[in-house]
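A short worksheet on the structure shown next.
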Amino acid sequence: MKEVNCLTAVFYLETEKNLSLDIIEEIGFGISSKKSLVEKKMNRRNIKEIIGLAEHHSILNIGLILFLKEDEKDYPTEFDERNYLIRFLKLSEFFCQALWMVKDNSVHYELGHLFYEANNSLNVHSNMWNSSYSTSIGTVEPTYFNKEEIVEAINILPAVISINLLKKPLENESVRLTSKISRLSRAFYFLTSARNTDDIGTKVSIYCSVLESLFSISNSELRHRLSETVSFFLENEYENKIKLYKILKLAYDIRSSVVHGDGLSSKFLKSESKLLLSTAKDVDDIIRRCFRKIISDEFLYELFTEKDKDEIGLYFQELIFK
């Protein structure tokens with residue numbers, strides 16, 4: 001066996017025609033909207049019959065794929081097609097997460113396929129990866145990314161992979177959020193959960209958990225302390241600090257309404273839920289800014305991935321009072 005191909009259609013991502021970019025060149029992982037490339041990959045012998053006419057037509061109709069191609073390589077006789085495809089689907093998931101680091105969107109994929117030639121026949125393995133992201137306001141709609149924005153996501157991808165990959169295997173796959181997992185990784189776990197729900201109140205509630213994973217060092221006066229810390233972390237000017245502080249206090253009001261049994265307060269539902277929608281958008285952007293600042297600064301990245309609560313608390317103290 002000398003060649004392996006993986007691909008998946010990308011939903012709700014609009015971009016330039018005839019775009020074709022390497023994402024991780026070393027392993028042949030890329031993205032393409034080039035019609036000739038998509039058709040070439042989809043018109044191999046028997047593919048239409050194997051994956052089904054509807055899926056085949058859907059991929060060609062969408063016309064944008066993530067793909068992985070490795071060739072001229074000797075694979076083991078017992079080729080583990082399942083794990084190979086899962087690796088590709090995880091990379092695709094990480095890339096979708098990197099796109100969120102650029103701007104809010106609902107880009108995702110659904111079904112991935114692996115094709116390989118063996119014993120003069122085409123073999124196909126397909127698998128579903130469960131991710132169905134919505135925007136900060138719960139919608140699923142196309143978002144346009146130009147080439148520069150996609151390149152920006154590609155450059156962010158190594159940091160996203162690093163956040164998601166565990167240094168040590170979990171003792172129990174069903175128990176992930178232990179003290180052995182960094183603040184940054186726990187926050188990203190909650191972020192993924194938030195993006196996977198389309199209920200805005202629930203989404204904002206989980207957004208608060210994202211921020212707590214990063215910035216909370218005490219349970220006392222959590223609403224005030226966290227809002228204050230994040231505002232000082234992101235802003236320099238007094239007016240901007242106050243504005244961000246008020247947004248986060250609104251987010252906590254939403255969370256309190258949602259999780260403590262009363263349901264959303266009427267003030268968030270007036271004028272077609274204008275305050276609810278604006279708060280969700282604002283908090284989504286605040287979280288993005290936090291992640292971007294952390295991953296772009298070596299000191300902060302180490303602080304949020306390696307240091308203990310006391311060291312982080314000292315940093316927050318100096319941030320506010322120094």
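Assorted remarks:
- Unit charges on C-beta of K, R, D, E only; dipole of the stretch 185-287, Debye: 120 debye
- For the chain, the fraction of C-alpha pairs more than 24 angstrom apart is 59%.
- Working from label points 7 Å from Cα in the Cα-to-Cβ sense, the Asn18 to Asp310 distance is 6.2 nm.
- For the stretch 1-126, the carbon plus sulfur part of the accessible surface works out to 44%, probe radius 1.4 Å.
- Listed residues Asn5, Leu21, Ile47: farthest to the positive end of the dipole of the stretch 1-100 (Cβ charges): Ile47
- Between Gln317 and Asn123, the C-beta separation translates, for a Förster distance of 51 Å, into a calculated FRET efficiency of about 0.30.
- For the stretch 1-139, the ratio of Cα radius of gyration to the globular rule of thumb 2.2 N^0.38 Å stands at 1.04.
- Taking the square roots of 5 times each eigenvalue of the Cα gyration tensor of the stretch 155-280, largest first, gives ellipsoid semi-axes of 27, 19, 15 Å.
- Extreme residue, positive dipole direction of the chain, given options Ile86, Pro142, Leu244 (C-beta unit charges): Leu244
- Per residue, the chain exposes an accessible area of 52 Å² to a 1.4 Å probe, with every protein chain left in place.
- Residue pairs exceeding 19 angstrom between C-alpha atoms, taken from Lys17/Lys147; Lys180/Lys309; Lys17/Lys90; Lys34/Lys103; Lys249/Lys274: Lys17/Lys90; Lys34/Lys103.
- Radius, Kirkwood style, for the stretch 214-310 when every pair of distinct Cα atoms is counted (Å): 14.7 Å
- Of the residues Asn123, Leu68, Cys290, the one whose Cα sits farthest toward the positive end of the charge dipole of the chain, with +1 on the Cβ of Lys and Arg and -1 on the Cβ of Asp and Glu, is Cys290.
The values are calculated or read from the model by the stated rules, or taken from the named source; none is laboratory data. Quick caveat, the model's predicted, so the values are computed rather than measured. Every residue, glycine among them, receives a Cβ derived from its backbone with ideal geometry; neighbour counts consider all protein chains shown. Only protein heavy atoms, including side chains, enter the accessible area calculation; ligands, DNA and RNA are left aside. Shrake-Rupley method; radii C 1.70, N 1.55, O 1.52, S 1.80 Å.
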